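Everything below concerns the one structure shown next.
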Amino acid sequence: MELQQFYYDNKIVKKFIYATIVFGVVGMLVGLLLALMFLFPNMTEGISWLSFGRLRPLHTNAVIFAFVGNAMFAGIYYSLQRLLKARMFNDFLSNLHFWGWQLIIVAAAISLPLGYSTSKEYAELEWPVDIAIALIWVVFGINMIGTILKRRERHLYVAIWFYIATFVTVAVLHIFNSLELPVSALKSYSVYAGVQDALVQWWYGHNAVAFFLTTPFLGLMYYFVPKVANRPVYSYRLSIVHFWSLIFIYIWAGPHHLLYSALPTWAQNLGVVFSIMLIAPSWGGMINGLLTLRGVWDKVRTEPVLKFFVVAITGYGMATFEGPMLSLKNVNAIAHYTDWIIAHVHVGALAWNGFMAFGMIYWLIPRMTKGTLFSTKLANFHFWIGTLGIILYTLPMYVAGFTQASMWKQFNPDGTLMYGNFLETVKEIMPMYAMRAVGGTLYLIGMFVLVYNIIQTVRSNAKIEDELAEAPELQKIGNARIKGEKYHTWLERRPIQLTIFALVAILIGGIVQVVPTIMIKSNIPTIASVKPYSPLELEGRDLYIREGCVGCHSQSVRPFRSEVERYGPQSKAGEFVYDHPFLWGSKRTGPDLLREGGKYNDNWHFNHFWSPQNISTGSIMPSYRWLFDNKPMDLSLTEKKMKAMVTLGVPYTDSQIANGLKDLRAQALKIEESLKNDPDFVKSYDESRKKAAAKGEVFVPMNEREIVALIAYVQRLGTDIKVNVKK
C-alpha cells in the first residue's frame with residue numbers, strides 16, 4: 001500500500017504552549033496578589049482596577065481559560081494529528097483559533113479590571129466577548145472535526161472521544177448560560193432571573209469544570225501517560241465505561257452547588273444523587289491512568305514528567321472523591337460558603353490541571369526541538385516545590401474551612417450565637433491565609449523555574465519546525481458493521497454518530513433539570529410584597545456587580561438555626577424574581593447580605609465603604625474610595641436598563657420609566673439628607689465644596705455620586721420581606 005507523506009503542524013502547538021506559559025505566570029501572579037490582599041486589604045487602596053472584587057474574576061478566567069485552556073489546545077493539536085495520522089484540517093483555522101483565543105483573553109484582561117462583568121461564576125465576560133468565544137469555539141470544532149474526517153487512521157482512539165465530548169458540551173453550556181439582553185456595548189442582563197438564573201449558572205459552572213477542566217485533560221491523560229511510559233492503556237473496556245458514564249452523569253450534578261437554597265428540592269436532590277454516582281466513573285478514569293504505569297514505577301522515580309503525571313492523576317482522584325462527598329447535604333451544610341471549597345477547587349486546579357500541563361510541556365518541548373530538556377534537576381525541583389506549594393496552599397484552607405463552619409454554628413447555653421460578630425471568625429483564620437500565600441508563592445516559584453528551563457531548552461536545541469510523517473490513505477469499507485465487529489468498535493470509526501450520541505448523552509440531564517424550572521412558573525411562586533428595584537437601586541445593584549461584591553458576600557440564607565439567628569428567615573424563591581442576574585454568591589469572606597437593608601443607617605454604610613477598618617476593627621474588606629470621587633454617576637443608560645427589565649418580565653410601568661431619573665434623584669436626595677445627620681459628614685462635605693471652589697472645579701453634590709446608589713441598593717436588600725434582624 002502506497003504511503004502518503006505529510007507534515008504535522010508543530011508550530012501551532014508551539015504557539016499554544018508559549019501562551020500557556022505566559023498566561024500561567026500572569027494568572028498565578030494575580031492569584032498571589034489576591035492572597036496577599038487577605039492580609040493587606042488596602043494594599044491597592046484607591047486604584048479601582050486593582051481592587052479585590054475586580055481582580056478575582058480576572059484570576060479565575062486567566063487560570064481556567066488562558067492557562068488551562070491554552071494547555072488543553074496545545075495537547076489536543078499535538079495528539080490529534082498523531083492519533084489520526086493527518087495534519088490539522090486547515091492551517092488558517094488553526095491560526096484563527098489561536099489568535100482569536102488570545103484576543104478573547106486580552107479582552108478579559110482589560111474588561112474585568114474595568115468592572116465590565118456579568119458576575120456569573122466563570123462566565124463574567126460581557127456579551128460581545130461571549131459571542132467571540134462562541135465563534136472561536138466553532139472554529140476549533142470545525143478544525144477538529146475536519147481533521148477527524150480526513151484522517152488516515154480508521155478508529156478513533158479514546159482520547160479523541162473526550163475531545164469530541166468537550167467540544168459539543170462546552171458549546172451547549174456556553175450558549176445557554178450566556179443568553180443575555182444587551183443594554184449597551186458592554187452591559188447586559190441575564191435573560192433568566194433568580195432561581196432560574198442560579199440553576200442555569202451552576203448547570204454551566206459545574207460542567208465548565210467538568211467539560212473544560214476535566215474531560216479534555218482526561219483525553220490528554222489517555223494520550224500522554226501511555227506515550228511517556230511507553231505502555232498501553234491499562235484497560236480498553238474501562239475506558240469505554242469511563243467515557244460514557246462520565247459524560248452522561250456529570251451534566252446532572254450542577255444543583256449540588258445550590259443545596260439548602262431556594263432552588264426546588266427535587267432539583268437539589270437530583271444533583272445529589274448524580275453527584276454520588278460520579279465517584280464510579282471518575283475513579284475508573286484515575287485507576288485506568290495509574291495502572292497504565294504498572295511495571296514502570298522505577299522510571300517514575302527518575303523521570304520528572306511521570307512524577308507530574310502521577311500527582312496530577314492522584315489530585316484528580318482526590319478532587320473527584322471530595323466533590324461527591326461535598327454534595328451530601330450533611331457535608332455540604334458544613335463546607336458550603338467556607339474556605340474548604342477554596343481548598344477543594346485548588347486541589348483540582350493546581351494538581352490535576354497544573355501538573356498535567358507542566359508534565360506535558362516538559363515532554364513536548366524537547367521532542368519538538370529535537371533535543372533534550374535543559375535540566376532534569378530543575379524539572380525535579382519544580383515538581384517538589386510545586387507539590388509542597390499545593391500542600392501548603394490547600395491544608396491551611398481546609399483548616400480555615402472547618403474553623404469557619406464550626407464557629408458560625410456555635411451557640412451559648414442561653415441560645416445566643418457564641419460568635420455573633422462575623423469578624424471573630426475572620427480574625428481566627430488569618431494565620432491560615434498567611435500560610436496560603438506562602439504555598440501560592442512556592443507554586444509560582446516552580447512556574448518561574450519552568451519558564452527558565454523551557455527558555456534554555458529552546459535556545460539549546462533546534463528550531464521548532466513542522467514534522468514530516470507518512471501513512472497509508474484510509475481505505476473505505478462502508479458504514480455497515482463487519483462480521484464479528486463489536487458495536488463500540490464500529491462506533492469508533494463513525495465520528496458523526498459518536499458525536500451525536502455524545503450530544504444526546506449530555507442533553508438528557510440538562511433538559512430534565514433546566515427546562516421544568518424555566519418553563520413551569522409554579523416552580524417559582526411569587527410574593528406580593530416583592531417589588532422591582534427603584535431606578536437608583538437598580539443603578540446601585542449594577543455597581544455592586546461592577547465591584548465584584550458577590551465574590552465575598554452571599555445573598556442566600558439557608559434553613560439552619562445558626563443562619564436564621566444570624567441573618568434572618570431563610571431565602572424564598574419569590575424574593576428573587578426580579579434579580580437579573582441572581583447574586584447568591586458562593587463564598588462568605590464577609591457576612592450574608594440578604595437581610596442587610598435597614599440593619600444600619602446610611603452614615604454607617606457611607607463610612608464603611610470609605611474605611612471598613614475604622615467601622616469594623618479587623619475587617620479585611622478593602623475601601624471603595626473611588627465611589628466617592630467628585631464626579632457624577634453615569635445615568636445615561638438608566639432608562640434603557642428599565643426598558644430591558646420590562647422586556648425580561650419586570651413590571652415597570654410606562655410612567656415609572658418616564659419618571660425614572662426624577663425618582664432616582666429624589667431618592668438620592670433623601671439619602672444625602674440622611675447623611676447630614678452625622679456632623680462629621682457635614683464638616684467634611686463643606687470642606688470638600690470649598691476645596692473644589694478654590695481649585696475652580698465643578699463640585700458634584702453627594703446625591704449624584706456612585707456611593708449613594710450603592711447605599712440605596714444595600715439598604716433595599718431584604719426589606720420586601722418584613723423581618724427583624726439583630727445588628
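The values are calculated or read from the model by the stated rules, or taken from the named source; none is laboratory data. Model, not experiment: these values are computed from the prediction. Note that we place each Cβ from the backbone using ideal geometry, even for glycine, and neighbour counts take in every protein chain shown. The protein model used for the area step is the full one, side chains on, heavy atoms only, and it has no ligands, DNA or RNA in it. Shrake-Rupley method; radii C 1.70, N 1.55, O 1.52, S 1.80 Å.
For the reader, a short list of remarks on this structure follows.
- Residues in segment 458-516 that are aromatic (Phe, Trp, Tyr) and over 31 Å from the mean Cα position of the chain (by Cα): TYR487, TRP490.
- Some residue of segment 146-153 being hydrophobic (A, V, I, L, M, F, W, C) and either assigned to a helix (DSSP H, G or I) or touching an Asp or Glu at 6+ places or on another chain (Cβ under 9 Å) (or both): yes
- Within segment 471-481, restricting attention to residues that are part of a loop (DSSP other than H, G, I, E, B) and surrounded by 11 or more Cβ atoms within 10 Å (Cβ to Cβ), the residue that is modelled with the lowest pLDDT is ARG481.
- PHE211 touching a Leu at 6+ places or on another chain (Cβ under 6 Å) and assigned to a helix (DSSP H, G or I): no
- In segment 275-333, residue farthest from ALA357 (Cα to Cα) [restricted to those that are open to solvent by 20 Å² or more (accessible area, probe 1.4 Å) and touching a Pro at 6+ places or on another chain (Cβ under 7 Å)]: ILE276
- Any chance LEU423 is surrounded by 13 or more Cβ atoms within 10 Å (Cβ to Cβ) and modelled with pLDDT under 95: no
- Of the residues making up segment 604-620, those that are surrounded by fewer than 16 Cβ atoms within 10 Å (Cβ to Cβ) and without any contact (Cβ under 8 Å) to a residue 60 or more places away in the chain number 2.
- Verdict on ILE390 being more than 23 Å from LYS15 (Cβ to Cβ) and crowded, with 22+ Cβ neighbours inside 10 Å: yes
- Selection status of PRO128, part of a loop (DSSP other than H, G, I, E, B) and touching a residue at least 40 places away in the same chain (Cβ under 8 Å): no
- Which listed residue, of SER571, SER623, is assigned to a loop (DSSP other than H, G, I, E, B), open to solvent by less than 20 Å² (accessible area, probe 1.4 Å), within 28 Å of GLU45 (Cα to Cα) and among the polar types (S, T, N, Q): SER623
- Segment 370-398 residues that are at positive phi, paired with ones that are of a type in the set (Gly, Ala, Ser) and part of a loop (DSSP other than H, G, I, E, B) (beta carbon under 9 Å, 6 or more apart): LYS370/ALA462
- Whichever residue in segment 171-200 is β-branched (Val, Ile, Thr) and surrounded by fewer than 23 Cβ atoms within 10 Å (Cβ to Cβ) and, among such residues, is farthest from VAL272 (Cα to Cα): VAL183
- Any hit, segment 451-468, residues being in contact (Cβ under 8 Å) with a residue 12 or more places away in the chain, open to solvent by less than 40 Å² (accessible area, probe 1.4 Å) and of a type in the set (Gly, Ala, Ser): no
- Boolean, SER94 is among the small types (Gly, Ala, Ser), within 23 Å of VAL191 (Cα to Cα) and in contact (Cβ under 8 Å) with a residue 12 or more places away in the chain: no
- Breaking point among (1) over 30 Å from VAL273 (Cβ atoms); (2) in contact with a Lys or Arg (Cβ under 7 Å, 6 or more places away or on another chain), for GLU492: (2)
- Residue within segment 527-539 that is within 25 Å of ALA253 (Cβ to Cβ) and among the polar types (S, T, N, Q) present: no
- When TRP244, TRP266 are checked against the criterion of being more than 28 Å from SER375 (Cα to Cα) and either touching a helix residue (DSSP H, G or I) at 6+ places or on another chain (Cβ under 8 Å) or not in a helix (DSSP H, G or I) (or both), TRP244 stands alone in meeting it.
- Considering only residues in segment 213-234 that are open to solvent by less than 50 Å² (accessible area, probe 1.4 Å) and out of contact with any helix residue (DSSP H, G or I) (no Cβ under 6 Å at 6 or more places or on another chain), the one that is nearest to PHE162 (Cα to Cα) turns out to be THR214.
- Which numbered condition ALA208 fails, given (1) more than 27 Å from LEU291 (Cβ to Cβ); (2) at pLDDT 95 or above; (3) crowded, with 19+ Cβ neighbours inside 10 Å; (4) not acidic (Asp, Glu): (2)
- Residue in segment 589-602 that is more than 29 Å from the chain's Cα centre (by Cα), of a type outside the set (Lys, Arg) and within 21 Å of GLU424 (Cβ to Cβ) present: yes
- Residue match in segment 349-367 (condition: charged (D, E, K, R), over 22 Å from the mean Cα position of the chain (by Cα), closer than 24 Å to HIS553 by Cα and open to solvent by 10 Å² or more (accessible area, probe 1.4 Å)): no
- Of the candidates ALA132, ALA165, the single residue that is among the small types (Gly, Ala, Ser), within 21 Å of the chain's Cα centre (by Cα) and over 25 Å from VAL515 (Cα atoms) is ALA132.
- Only one of GLU687, GLU673, GLU704 that is modelled with pLDDT of 90 or more and more than 19 Å from ARG625 (Cβ to Cβ): GLU673
- Count of residues meeting criterion [closer than 30 Å to MET43 by Cβ and crowded, with 20+ Cβ neighbours inside 10 Å] in segment 626-669: 2
- Residues that are under 25 Å from THR517 (Cβ atoms), at pLDDT 95 or above, of a type in the set (Asp, Glu) and not in a loop (DSSP other than H, G, I, E, B) occur at least once in segment 553-566.
- Listed by first and then second residue, the pairs with beta-carbon distance under 9 Å, at least 6 apart or on different chains, first residue in segment 417-442 and under 20 Å from TYR337 (Cβ atoms), second part of a loop (DSSP other than H, G, I, E, B) and among the hydrophobic types (A, V, I, L, M, F, W, C), are LEU423/ILE620; GLU424/MET418; VAL426/ILE620; MET430/ILE620; TYR433/ILE620.
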